[in-house]
Amino acid sequence: MRRVYLDNAATTPLLPEVREAMLPYLGEAFGNPSSLHDWGEPAREAMETARAQVAQLIGANAEEIIFTGSGTESNNFAIKGLALAQQSKGKHVVVSAIEHFSVLHSARTLEKWGFELTLVPVDKYGVVDPEEVRKSLREDTVLVSVMHANGEVGTIEPIKEIAQITRENNVAFHTDAVATAGTIPVDVDELGVDALSLAGNQFYGPKGVGALWVRKGVRIKPFLDGGVQEGGRRAGTENVPAIAGLGKAAELAKASMTSRTKHLTQLRDRLLTGLPGEIGHVVVTGHPQNRLPGHASFCVEFIEGESMLMLLDSQGVAVSSGSACTSRALKASHVLIAMGLSHAVAQGSILFTLGLDNTPEDMDYVLEVLPPIVDRLRQMSPLYSEFIKSKGGK
Amino acid sequence: MPIYSEKVMEHFMNPRNVGEIENPDGVGQEGNPICGDMMAFYIKVKDNRLDDIKFKTFGCGAAIAVSSMVSEMAKGKTLEEAMKITPRSVADELEGLPQNKFHCSNLGAQALHKAIQDYLSKKKKVEGGK
């Protein structure tokens, strides 16, 4: 049976070159980068090489990069650290309604610590209107965070336009670029942001490593205390092999971004245009054009995402879903609900995130195996029979 | 997918008694799309026994497996026996359900019980009308 991995938003595989770059630090170059002796030297060098590689990926200075344990950690660090460092100026933060939980829940934690929170809405495509951000700003606003692109619906946000507004108002602006860094061009100066999160396992690097970039001069409260690592802002012995891998992945992503994007966009468009015709009663979620290159997301009406996911898995196809049943909390995706979709439609969420290994034949295979799965589940669905009856069918 | 038992997977992949019954003796529906799952049971009763039973389900793998299992457990049983099917007995027959999915099995037994109650109340009306 054909095996087709279309869940690169969960994690990408590790590129062989990346693994090669990591191996020395799992072997003889095991030293601690903080050690002054000869064993520390290669580890220290690996860290600084990786720091430069990551900085180059996003057009930043190497000394502004802080390595973390994940994109989630970077977001926690940014939201809490930036707000706390500026709480003497004010205690109001603004984030969009469709942020990743690592941003949203960090902002909720700030609320418990006495901050006030404003959630900025999105339109039906999941786009944040910069004017909504402007309207949400107050005298005491100290932080705005809007993601560069949403990993669930693929929509790319107008970060540059929002940054103009935050600059005019002298408010720190963080963007969660976990879905974009290493995938589409990200340049911190062009975007005009003050802080930016990224994660290794989104662009063929290892899991368990991320980075937070903070513009020089922007104050942030340290995230972990107890050591001098990462300028004293993120203490703890560094995950040197993973950091070396992140650096290599960043270098490769920058070098081959154009060809990767072309490949992914072609495959994505095959699904975006092909699927609705094959199965009917399908909503493309997210912005139709302004979306991530390898990202095709839908809501299939009258059926539920997890059962689609499981039947696709039985055919060798790996996807994900934002349905309530697939989340541990059994809640419908906050992203789809914020975009105005009904709970019934949001339940039919299915998400294809493509990768470098995928081929046009993989897309044809999906277009071949999915329609019978949808049909089978619809024949089982009381919502579908209601719909057919309402149309006067059998 | 190891979050589900083999038995759950088997019923999910090959659900029994899917469909609707024309002119059913009783219908029971439980759940709604907001909570995630929705099940409808249709029954035919003969000599106080569940002569036929069919279901339609909108929901996750567990919800479909639960519906299938409930239909299998109930078919041929007397109404009293069928009313004794509980969420726990369904989950046990399925060799367990993930904890956060347990509410799905509640839905299955409830929908079946509603269908039986629907039958009984209709019967009462007919008998009362005599």
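The values are calculated or read from the model by the stated rules, or taken from the named source; none is laboratory data. Given the structure is predicted, the values throughout are model-derived calculations rather than measurements. For neighbour counting, all protein chains shown are included, and Cβ atoms are generated from backbone atoms with ideal geometry for every residue, glycine included. Please note that ligands, DNA and RNA were not included when accessible areas were found on the heavy atoms of the full protein model with its side chains. Shrake-Rupley method; radii C 1.70, N 1.55, O 1.52, S 1.80 Å.
Using only atoms on other chains, find how many Cβ atoms lie within 10 Å of each Cβ of peptide A:382-390 and report the average. Can you show the working numbers first?
On the way: counts 11, 7, 2, 5, 4, 0, 0, 0, 0.
Mean partner-chain Cβ count within 10 Å for A:382-390: 3.
Report, by chain and number, residues whose modeled amide H sits under 5 Å from the one on A:Val4, excluding near sequence neighbours (fewer than 5 apart, same chain).
Correct list: A:Val317, A:Ala318.
So how much accessible area does B:Met39 have, in Å² to the nearest 10, using a 1.4 Å probe?
0 Å²
Quick one: longest stretch of chain A between exposed loop GluC sites (Glu not before Pro), exposed meaning at most 12 other C-beta atoms within 10 Å and loop per DSSP?
Here the longest segment lacking exposed loop sites spans A:140-394.
Could you derive backbone 3J(HN,Hα) for the range B:4-18 from the dihedral phi with the Karplus parameters 6.51, -1.76 and 1.60 (θ = phi - 60°), listing whole Hz in sequence and x where the residue is Gly or Pro?
Each residue of the range B:4-18 in turn: 10, 5, 4, 5, 4, 4, 5, 5, 5, 6, 10, x, 8, 6, 6 Hz.
Which of the aspartates and glutamates could a cross-linker span from B:Lys54 if the Cα-Cα distance has to be under 12 Å and same-chain partners fewer than 8 positions apart are dropped?
In chain and number order, the partners are B:Glu20, B:Glu22, B:Asp25, B:Glu72.
How many angstrom lie between the Cα centre of the range A:338-353 and the Cα centre of the range A:53-109?
Rounded to whole Å, the Cα centres lie 27 Å apart.
Determine the distance separating the Cα centre of the range A:255-328 from the Cα centre of the range A:138-168; give it in Å without decimals.
Answer, in whole Å: 25.
How big is the Kirkwood radius of the range A:250-394, worked out from every pair of different alpha carbons and given in Å to one decimal? Please list the in-between numbers first.
On the way: mean 1/r = 0.0622 Å⁻¹.
Kirkwood hydrodynamic radius for the range A:250-394: 16.1 Å.
How large is Rg/Rh for the range B:53-103, to two decimals, with Cα atoms and a Kirkwood Rh? Mind dumping the intermediate values first?
Details: Rg = 11.0 Å, Rh = 11.4 Å.
Dividing the radius of gyration by the Kirkwood radius yields 0.96.
For chain B, what is the convex hull volume of the alpha-carbon atoms per residue, in Å³? Write down the numbers at each step before the final one.
On the way: hull volume 12.5 nm³, N = 130.
So the per-residue hull volume is 96 Å³.
Ignoring ligands, DNA and RNA, what percent of the 1.4 Å accessible area of chain A is carbon and sulfur?
C and S fraction of accessible area: 52 percent.
Note down the magnitude of the dipole of the range A:117-206 about its Cα centre, charges +1 on Lys and Arg C-beta and -1 on Asp and Glu C-beta and zero elsewhere, to the nearest 20 debye. Could the numbers behind the result be given before it?
Details: 6 positive and 15 negative charges, 24 e Å.
So the magnitude is around 120 debye.
Rounded to the nearest whole Å³, what is the per residue volume of the convex hull around the Cα atoms of chain A?
142 Å³
On average, how many beta carbons from a partner chain sit within 10 Å of the beta carbon of a residue in B:57-70?
For this peptide, the per-residue mean of nearby foreign Cβ atoms is 5.
As an exercise, use a Förster radius of 22 Å and the Cβ-Cβ distance of A:Leu117 and A:Gln164 to find the FRET efficiency, rounded to the nearest 0.05. Provide the component values of the computation, followed by the final result.
Numbers: r = 23 Å, r/R0 = 1.03.
Here the calculated transfer efficiency is 0.45.
Could you please report the charge total around A:Thr180, scoring K, R as +1 and D, E as -1 over all other residues with beta-carbon less than 12 angstrom from its beta-carbon?
Its environment carries a net charge of -2.
For a Förster distance of 51 Å, can you work out the FRET efficiency between the beta-carbons of A:Arg2 and A:Asp140, rounded to the nearest 0.05?
E(calc), rounded to 0.05, equals 0.35.
Using +1 at the C-beta of Lys and Arg and -1 at the C-beta of Asp and Glu, which of A:Val283, A:Gln266, A:Gly322 has the Cα lying farthest in the positive direction of the dipole of the range A:251-332?
A:Gln266
With 10 Å bins from zero, work out the P(r) of the range A:143-285 over every alpha carbon pair and list the percent per bin.
Binned Cα distances yield the sequence 10, 31, 34, 18, 6, 1.
At a temperature of 4 °C and a viscosity of 1.567 mPa s, determine how fast the range A:58-117 diffuses translationally according to Stokes-Einstein, using the Kirkwood radius over alpha-carbon pairs as Rh; express D in µm²/s, rounded to the nearest whole number.
Values: Rh = 12.4 Å.
Estimated via Stokes-Einstein, D reaches 104 µm²/s.
Give the whole-number value, in cubic angstrom per residue, of the convex hull volume spanned by the C-alpha atoms of the range A:228-279.
Here the figure is 142 Å³ per residue.
What range in chain A is the longest one free of chymotrypsin sites (Phe, Trp or Tyr not before Pro) that are in a loop by DSSP and have at most 15 other Cβ atoms within 10 angstrom?
A:114-394
For the range A:248-386, with only Lys/Arg (+1) and Asp/Glu (-1) charged at the beta-carbon, what is the dipole magnitude about the Cα centre, in debye rounded to 20?
Around 600 debye, computed over the range A:248-386.
Over 26 Å between C-alpha atoms is what I'm after, so list which of A:Lys262/A:Lys331; B:Lys101/B:Lys125; A:Lys389/B:Lys124; B:Lys56/B:Lys77 land there.
Violating the 26 Å Cα-Cα cut-off are A:Lys262/A:Lys331; B:Lys101/B:Lys125; A:Lys389/B:Lys124.
Please compute, for the alpha-carbon atoms of the range A:105-174, the extent along each of the three principal axes and give them in descending order in Å.
33, 27, 17
Going Cα to Cα from A:Lys254, which aspartates and glutamates come in below 12 Å? Please leave out same-chain ones fewer than 8 positions away.
Here the aspartates and glutamates satisfying the reach criterion relative to A:Lys254 are A:Asp187.
How big is the B-A contact in terms of buried accessible area, both chains counted, 1.4 Å probe, rounded to the nearest 100 Å²?
On the way: alone 7120 and 17190 Å², together 22140 Å².
Buried area between the two chains comes out at roughly 2200 Å².
Which of the trypsin sites (Lys or Arg not before Pro) found in the range A:295-390 are in a DSSP loop and have at most 10 neighbouring Cβ atoms, other than their own, within 10 Å?
Qualifying residues, ordered by number: A:Arg328.
Just reorder A:Ile337, B:Ile43, A:Ile220 by solvent-accessible area, largest first, 1.4 Å probe, all chains present.
On the way: A:Ile337 60, B:Ile43 0, A:Ile220 20 Å².
Per-residue accessible area, sorted high to low, gives A:Ile337, A:Ile220, B:Ile43.
Run the numbers on the range A:1-100 and let me know its relative contact order in percent, using alpha-carbon pairs under 8 Å that are six or more apart. List each step's numbers first, then the result.
On the way: 41 pairs, mean separation 9.6, N = 100.
Relative contact order of the range A:1-100: 10 percent.
Principal axis extents for the range A:340-379, Cα atoms only, whole Å, descending order, please.
34, 26, 9
Rounded to the nearest whole Å², what accessible area per residue is found for the protein assembly as shown with the 1.4 Å probe?
42 Å²
Between B:Val126 and B:Phe102, take the C-beta separation as r, use R0 = 45 Å, and let me know the FRET efficiency to the nearest 0.05.
Efficiency computed from Cβ-Cβ geometry: 0.75.
Determine by what factor the alpha-carbon radius of gyration of the range A:326-394 differs from 2.2 N^0.38 Å, reporting the quotient.
So the range A:326-394 has a normalised radius of gyration of 1.43.
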